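The values are calculated or read from the model by the stated rules, or taken from the named source; none is laboratory data. Because the structure is a prediction, the values reported are computed rather than measured. Every residue, glycine among them, receives a Cβ derived from its backbone with ideal geometry; neighbour counts consider all protein chains shown. The accessibility values were calculated without ligands, DNA or RNA, using every heavy atom of the protein model including side chains. Shrake-Rupley method; radii C 1.70, N 1.55, O 1.52, S 1.80 Å.
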Amino acid sequence: QVQLVESGGGLVQAGGSLRLSCAASGIIFYIAPMHWHRQAPGKQRELVATITSSDSTNYADSVKGRFTIPRDNAKNTVHLQMNSLEPEDTGVYYCRIVTVGGDYWGQGTQVTVSS
């Protein structure tokens with residue numbers, strides 16, 4: 001059974017940093033791309049960052065230069081390092097992995113950035 005568990009969310013002032021973590025179990029972690037999505041209040045869920053099995057990364061324009069998505073294959077964990085946070089970054093952040101076996105999401109972690 002595949003399980004993704006996010007942690008690290010919280011309340012931070014604008015300009016601050018947070019590091020989210022997503023721990024995966026029940027899957028050969030490093031063979032599939034990992035994604036971070038977020039959903040702001042009243043808005044659709046959007047893709048924020050992706051890292052592939054070869055460690056190629058891709059970011060939404062709104063977070064380029066501020067967010068990074070490192071992965072630790074030994075710990076089956078992917079992170080989202082968020083710097084220079086803005087109030088517009090507020091939302092629930094979800095990690096996701098898509099494999100031939102299914103499309104799996106974590107439960108989400110709340111990030112709130114105050115101005």
List the relative contact order of the chain as a percent without decimals, with contacts defined as Cα pairs under 8 Å and 6+ residues apart.
36 percent
Based on the alpha-carbon gyration tensor of the stretch 41-93 and its eigenvalue square roots a ≥ b ≥ c, which shape applies: rounded if a/c is under 1.5, prolate if not and a/b is larger than b/c, or oblate?
prolate
Provide the percentage of antiparallel DSSP beta bridges, counting only those with both residues in the chain; round to the nearest 5.
90 percent
Once neighbouring chains are kept in place and the probe is 1.4 Å, which whole percent of the accessible area of the chain is contributed by carbon and sulfur?
49 percent
Backbone HN-Hα couplings from phi across the stretch 98-111 [Karplus 6.51/-1.76/1.60, Hz, Gly and Pro as x]:
10, 10, 5, x, x, 10, 10, 10, x, 7, x, 9, 7, 10
Estimate the FRET efficiency between LYS64 and ILE28 by the formula 1/(1 + (r/R0)^6), using the beta-carbon distance for r and 35 Å for R0, to the nearest 0.05.
0.75
Could you do me a favour and compute the accessible area per residue for the stretch 54-115, 1.4 Å probe, result in Å²?
51 Å²
Check PHE67: other-chain or 5+ apart residues with amide H under 5 Å from its amide H, H built from backbone geometry?
ASN83
Given Cβ point charges of +1 (Lys, Arg) and -1 (Asp, Glu) and nothing else, what value in debye, to the nearest 20, does the dipole of the chain about its Cα centre take?
80 debye
Of ALA40, SER25, SER114, farthest towards positive along the dipole that unit charges on Lys, Arg, Asp, Glu beta carbons give the stretch 20-115
SER25
Roughly speaking, what is the centre-to-centre gap between the stretch 79-115 and the stretch 1-70 when only Cα atoms are used, to the nearest Å?
5 Å
Most fluctuating residue given options LEU20, LEU11, LEU47, as computed from a GNM of the chain linking Cα atoms under 10 Å:
LEU11
With springs connecting C-alpha atoms under 10 Å apart, model the chain as a Gaussian network and identify which of PRO33, PRO87, PRO41 has the largest mean-square fluctuation.
PRO41
